1. Carbon and sulfur atoms: what percent of the 1.4 Å accessible area of the stretch 256-310 do they account for?
2. Distance from the Cα centre of the stretch 376-449 to that of the stretch 32-71, in angstrom?
3. Probe radius 1.4 Å, ligands and nucleic acids ignored: give me the carbon and sulfur share of the accessible area of the stretch 403-513 as a rounded percent.
4. Please work out how much length the chain gains when fully extended from SER35 to TYR381, using 0.36 nm per residue of separation minus the C-alpha to C-alpha distance, in nm with one decimal.
5. Please give the net charge around SER495, taking every other residue with its beta carbon less than 10 angstrom from that of SER495, where Lys and Arg add +1 and Asp and Glu add -1.
6. With a 1.4 Å probe and every protein chain kept in, tell me what percent of the accessible surface of the stretch 146-239 is carbon plus sulfur.
7. Would you compute, for the Cα atoms of the stretch 30-142, the largest minus smallest coordinate along each principal axis and list the three values in descending order, in whole Å?
8. Report the accessible area of TRP429, computed with a 1.4 Å probe over the heavy atoms of all protein chains in place, in Å² rounded to the nearest 10.
Amino acid sequence: MVGSLDFSLLRDLFSILLLQVSMWGSESFLVISPSEPIVAMLGTDTVLPCHVYPAMNVESMELRWFRSQFSEAVYVYKDGMEQAEEQLVDFKGRAELVKDYITEGRVAVRIYSLQISDNGMYKCFFKKDSDFEEATLELKVIGLGSGPHVFMVGPEDKGIRLTCTGKGWFPQPEIKWTDATGEKIPSLSEDETQDDDGLFQIEASLIVRDTSKTKVSCSMKNPFFGQEQVETISIPESFFPRTSPWKVAFAGTFFILGIFLGAVVFLAWKERQEKKRVQEIQEEKEKESEARESLEKELVRRKQLYQQDWKKANLYADWRKEQFKAVAVTLDPDSAHPNLIISENRKQVSLMENVPQNCDGSVYQGQEESEAVFSVLGQNYFHTGRHYWEVEVNIGTEAGPETKWAVGVCSDTVIRDKWFVECPEKNFWVIGYKKGEVKVPTFSKSLSLRQHPQRIGVFLDWEDGDVSFYNMVDGSHIYSFTGITSYGTLCPYFSLQGVGTSVTVCSTSDCTENCPDSSPNTSVTHLRSGDMGIPQEAKRLLPP
C-alpha cells in the first residue's frame, strides 16, 4: 500500500510522524499546507487550505493568511471574528474564511475572481496563546489567452513572411513553428508585451523560403498548465516568388560590372593611400627636422642659462649656498703637525708658542727661501656631490713677515712629510696668506681683493671638478680652481705659521645663518620675495 502513495503524501506522513515524537506529552501543534502549487484559472475562485496537527478546535486561535510580509494580510481571523482593518485593499470583498471544519482544525481562505497579481507565495499563520506555527503555499494563476492566429504578411526576402499572434496569456506561453511533418522551424523574431492587467501579448514572425513547406503550424503552450493551442495555415505554391530568366541575366551583368567598378575603386584608393603615405613621410621628416632644430635651440638656451647661472654663482656666495650642502668639518688630530694645537671640539687649530720658524715644511712655487708650514687635515672625505664649509682665520695683533696660512682641499694621498709644495700639481687646491697678501700657490702674483678675507667659504663641486673660495663677509668671489680631474677622494686642508695665527671651522648653523649680501658694496639690501633675493647687479645677468 505504501508503494501506491505519491512522494508528497509520504513526505507529509513522515513530517507528522516526527511531530508526534517531538510533541509527545506536550500541547504543541503543527500547521500543514499543500506541498504542491495550487493551480487556478484567471477569473475563477480558489481556496488556500491549511490545517493543524494534531486535530483540534482552532476557533479561539488567531488565524492569518498573508503574502511575503506579515503586515500584507490577505485575511485575518482573531477573537472569533474577521479583522478587516488589517486586510490589504486588493483582497477586500474578495477573500473569506471557509470554516466548516474549524472545530477539527481544518480551515481555508477562498479568493474570488482571481487576478494576475494574486499569483505567487502565501503563508498561513496559526497562534494559540504564546505558541504559533506557519506554513507556506504557492498559488499559480493561469491565463489561457486567445489564439494563436496565423496570417500571411506577403513576399519578403525570397520567401513568404508569416506572423503568429496571441493575447491574454499568463504566464508567457511557449511558441513553436512546425511544418507538415512536425519538424520544428526556428522563429525569425518573437516580441512580447504585457498590458495593464499583466497579461502577455505575443507576436512571432517566420519567413518560409522552401516551396515544399506549404503547410505551417503555430502553437502556443502554457508552461504550467500544459494546455496547447495550435493553428495551421496553407501556403499556395503560386504565392512563392519565382525567378525570371531576365533577372538571372541582369544579375550576372551587374555582378561583372560590380567587380569592374570595385577594381577601379580599389586602384584609385590604393593610389590615394600611396600619395597619402608619401605625404605623411614627408611631413614626418619635416616634423623631425623642426623638432631637432627646436631641441638644438633649447640645448643652446639651457647651456647659456646654465653658464649665466654659474657666472652669477661664481660672483655671489649666497647663490651657491642654495646648490651646495653645508658640511660640519672637524679636524683630524692624527694628521696634525706636532707643533699644532687642536681644540677639544676639533674646530680650531693654532700654533704652539716658541716654535722655531725655520724647519722642514712646504713652500709656494716661486719662493726663494724655504720656510716651515704646519698642516692638518679634516676628518671629512668627499668622492661625490657638492659641499661647502666656512672657516675664520685670525693672524693676531703681532703678525709678522713669517705669518701665513692656507685653506682649501687636497687629495687623501698627498705626502706632507719633509719638503712638499702646496700646488695643484701635487693635488693641493688652496689659497694662502703671506706677507700681508692673499695669493694662489700656482703663481706668485697677489690677488686683487677689496679687503683681506677673515671668513672664507670653501665650495667643492666634485662632479664638475671645481673648488671655489668666497669672502663670506661681503659675499665676493676670491678665486676658483676649475677643470680638476683624476684626484680621487678629497678632504679639507689647513696650514698656518706665525705667532697668534689660528684657523677656526664654523659650525653648519653659522653657515646657514650667514647669508652675506651680494651687492657690489658691503651694505645690505633686502629685495622683495618676487626677486628671490637677487642683487640688482646680478639681475642684469638673468635671461629675459
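1. Details: 3060 of 5150 Å².
The nonpolar share, carbon plus sulfur, comes to 59 percent.
2. Cα centres, the stretch 376-449 to the stretch 32-71: 111 Å.
3. On the way: 2130 of 4390 Å².
Reported share for carbon and sulfur atoms: 49 percent.
4. Details: separation 346, 0.36 × 346 = 124.56 nm, distance 9.33 nm.
Extending this stretch completely gives an extra 115.2 nm.
5. Details: positive: LYS404, ARG416; negative: GLU422.
Local charge sum for SER495: +1.
6. Summing carbon and sulfur atoms, their accessible area is 46 percent of the total for the stretch 146-239.
7. Cα spread of the stretch 30-142 along its principal axes, largest to smallest: 37, 30, 25 Å.
8. Roughly 10 Å² of TRP429 is accessible to a 1.4 Å probe.
The values are calculated or read from the model by the stated rules, or taken from the named source; none is laboratory data. Since we're looking at a predicted model, the values are computed, not measured. Cβ coordinates were reconstructed from backbone atoms using ideal geometry, including for glycine residues, and neighbour counts include every protein chain displayed. All accessible areas refer to the heavy atoms of the entire protein, side chains included, with ligands and DNA or RNA removed. Shrake-Rupley method; radii C 1.70, N 1.55, O 1.52, S 1.80 Å.
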